[in-house]
Structures are given as C-alpha cells and as structure tokens.
Amino acid sequence: MKTGAMMVRLVAVLALMAMAVGVIGGRGLGVARAQDANMTCAGEPALGAPSADAGTPMADAGTPMADAAATPMADAAASPAAGGEGGPNVAFLPKDVVNPYFGTAFQGAQEANAELGGEVQQVGPQESSAAEQVTWVQTLTQQQVDAIAISANDTNAPAQALKDAMAQGIAVVSYDSDVAPDARNIFVNQASSEDIGRIQVQIMGRLLSCEGEIAILSAASTMTNQNTWISFMEDELAKPGYENLTLVDTVYGDDNPQLSFDRTIELLTAYPDLQGIISPTTVGMTAAQEAIAQEGRSGEVQLTGLNLPSLARSAVEDGTVQEFALWKPADLGYLAYYAAVALVNGEITGAEGDTFTAGRLGEYTVGANGEVLLGPPFIFNAENIGEFDF
Ligand code: RAM
C-alpha cells in the first residue's frame, strides 16, 4: 500500500477513535447516547443515575438528613407535646383513602405519632374528588382538630375551606400535592418538583435512545403535583437533543384504576407508532402496566413514571417496565406529621428559614414559599427492586 493511502486510513481510524471517545464521554455531541446512563438526551448529567447511587441508594434517598442529625431521636423527644395532655390531633386528608400510596404514607404518619404522641387519623374520599375534600376540610374544622395534612385533588378548590380552618387556629400542611400557597402554612414536598418531572423524561430518553413518539398518562387535570411535574417534563423535552422524542398526547385517568387502564388502551389504539408512556402517578402506572401487558406490547412500548416498587415488581419481572422513580411515601407521611406538630407547638410558623427536627429523618429547614423538601427522587430497576418492601 502506498504511504499516502496508509495516511488516509490512519487519519480515518484516528477520527473514528476520537468519535468513540466523544460518544463514551458524552461530550461535544449535543446528543447523549443511550449506552451512557449518566447523560440525558440533552447531553447533561442525568438525575439519579443508577450508577451514581450504586448500592442501596434508597436508604439515603429516603432519609436524606439522617446523617446530619447526630441524635435525632433525642431532639424529637425534647419537642414539647402539643394540644394539651394528649398531644395534638392531626388529620391526614389524602386525595383518596383507597390508593395504597396514601396508605403507605399514613403508616409513616402513624410511626411519627407513636414517637410524638397525640392523635392521628386518616379520612377522605373513596375516589379522588375535589368536592369531597372540601366537605372533609369543613368537617375536620368543626371537629376542631389541631392540624390538617392535605394532599390536594385540586389546587384551588379547597383553598377557602382551608383558610377558614387556619382562621380558627388549625395548622394546615399540604403534603404530596400542594394547594394554593396562601391556603396552607407549609408544603411538605417529596422531592424537588423539577427533579421529579425531569427524571421521568430522562429515563424515557434513555429507554428510547432519544427517539420516538411518547404520551403522558396523568392523574386528574386539576392535581397540583402532576401538573407541576408535567410542566417540567415539557421543559426537559424542549431542550436541544430531545427533537426526536415527540410528546404526542397527554391524557388523564383521574387516579381511577379502570379509567387509567382505558386511557392507556385508547393511547395504544390512537397512536400505533407510540413507543413510550410516562405515567407520573402510581395508580396510572399500575393500570398502564396491566394494559400494555394485556395488549401484548410489553417491551415494545416502554413504560416509566412513578410507582411503588411493590406495585411495579411483576411488571419489571415480565419486562413491561425497566426503570421508574419514586421516593419513600412513608417518610413523606412521617415528615408531614412532624411538620404539623412543629406548627401546632409554635416551634415554627412556616416562614422561610424556620427549622425543625423530624425524628429519625433529622433536621429540616423551611425553604421559599413555605416548602420543605423530603429528599431526592430515586430510580428503581431490575437490579435494586428486590430491596424494597413498600
Ligand atoms: C399517586 C398520587 C400521588 C402521587 C403518586 C406518585 O399515588 O397521584 O399524589 O404523588 O401517584
């Protein structure tokens, strides 16, 4: 072979090697490659990348501040009991009382109640209903509970009733799904809303190598948490690098299992080329798992979103789901109870910078807009799902 030809080949080989390094490093290409779980389609570091949290990350994710508090239980015990001899009476009012997600969250509230004293109850609609939540707020106000912790079906519907409750000295904590900020003292958020929204799109980008038609199956169109997350999903999708990942529809299953199942079937029928569904609701994702499997589309239509590991386990095992996200709902209920008691005690008012100790979770600081963050979201997959029992 002539030297000139050899040079050409050498340059070509070197160029290919340089490209390979670029791909592996995920740099300078604008588009991350599917094989790099640490990069998003936009070429940014991925949130909650499994490799970054190898081991038992949920232990950390669920108890973000545990290390920060040297003797959290001692601090908790030092908190004065509120509401008279028996301690405060705290009522949890979830979106509905049938959804296992809220059952798990309430277990955490009961755990905190066993540590702090007082009374705790969970009441609410059998199906997610904004109107019924308003009635429940009025009932709890008449009962003169010390605190109401609400996960709202509608941002604004319960606002007036909650303001009336606050006017009567009842502390109001929103948890999981916020209400209008002037209708509560504190919002206990499971993780940054931005991270929760983006992480689901990042997972889908990874599953589809940044290419394909996707849809969102949400809960109700009035729900604060899902709407906020969806706005961050859309923002993530608008970044350069996501041009070929196309959101074709957003539909609402109202956190009703049958409606969510039906909506999934409708999506699969209306969009024959659909390659992915993101469902930012445990009820929706569980129903979508069943619908996709029943239609024989497992592995062909990728599904991710938010779910309890216990409800997603069989779908992970049969290949319908590869990766999804959540946090520890029990820790959310636990933290919401501690926040409610701290408000009732007058330890905090909900002002930015207020601090309180939440038992085994350690110390928390109230952030802007009266928001308290539990911790980062966490990604579940086939490797780690066996470690979780909720
Ligand atoms: C459902 C509810 C809840 C949400 C989870 C992820 O259980 O809509 O509000 O936080 O999904």
query: Which condition number does A291 fail, the rest of (1) within 22 Å of D249 (Cβ to Cβ); (2) within 16 Å of the ligand (Cβ to nearest atom) being met?
result: (2)
task: For the stretch 233-246, indicate whether the set of residues that are surrounded by 18 or more Cβ atoms within 10 Å (Cβ to Cβ), within 16 Å of L306 (Cα to Cα) and within 17 Å of the chain's Cα centre (by Cα) is non-empty.
output: yes
message: It is to be established whether one or more residues within the stretch 315-329 are in contact (Cβ under 8 Å) with a residue 12 or more places away in the chain and more than 30 Å from G296 (Cα to Cα).
response: yes
- request: Find the helices (runs of 4 or more DSSP H) located wholly in the stretch 31-145 whose residues include 1 or more that are hydrophobic (A, V, I, L, M, F, W, C), surrounded by fewer than 21 Cβ atoms within 10 Å (Cβ to Cβ) and modelled with pLDDT of 85 or more, and list them.
  value: 100-116, 130-142
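Among what's in the stretch 278-301 and is more than 16 Å from the chain's Cα centre (by Cα) and in a strand (DSSP E or B), pick the residue that is farthest from E234 (Cα to Cα).
S298
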message: I'd like to know if the stretch 143-153 contains one or more residues that are in the same structural domain as V90 (by TED's automatic domain parsing), out of contact with any helix residue (DSSP H, G or I) (no Cβ under 9 Å at 6 or more places or on another chain) and farther than 22 Å from M223 by Cα.
response: yes
query: If Y334 passes every condition in (1) part of a helix (DSSP H, G or I); (2) among the hydroxyl-bearing types (S, T, Y); (3) in contact with a strand residue (DSSP E or B) (Cβ under 6 Å, 6 or more places away or on another chain) but one, which one does it miss?
result: (3)
message: Any residue at all in the stretch 109-119 that's within 16 Å of the ligand (Cβ to nearest atom) and in contact (Cβ under 8 Å) with a residue 60 or more places away in the chain?
response: yes
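Among the residues in the stretch 341-349, are any in the same structural domain as V98 (by TED's automatic domain parsing), over 16 Å from A112 (Cβ atoms) and either modelled with pLDDT of 95 or more or among the charged types (D, E, K, R) (or both)? Walk me through it before giving the result.
Taking the stretch 341-349 and keeping what is in the same structural domain as V98 (by TED's automatic domain parsing), we get 341-349.
Add one more test, that the residue is over 16 Å from A112 (Cβ atoms), and what stays is 346, 349.
If we keep only those that are either modelled with pLDDT of 95 or more or among the charged types (D, E, K, R) (or both) too, we end up with 346, 349.
Yes, that holds for at least one residue.
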query: Can you name the number of the only condition in (1) in a helix (DSSP H, G or I); (2) within 13 Å of the ligand (Cβ to nearest atom) that T304 fails?
result: (1)
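The values are calculated or read from the model by the stated rules, or taken from the named source; none is laboratory data. Worth saying up front: this structure is predicted, and the values here are computed from it rather than measured. Neighbour counts are summed over all protein chains in view; Cβ atoms, including those assigned to glycine, are modelled from backbone coordinates with ideal geometry.
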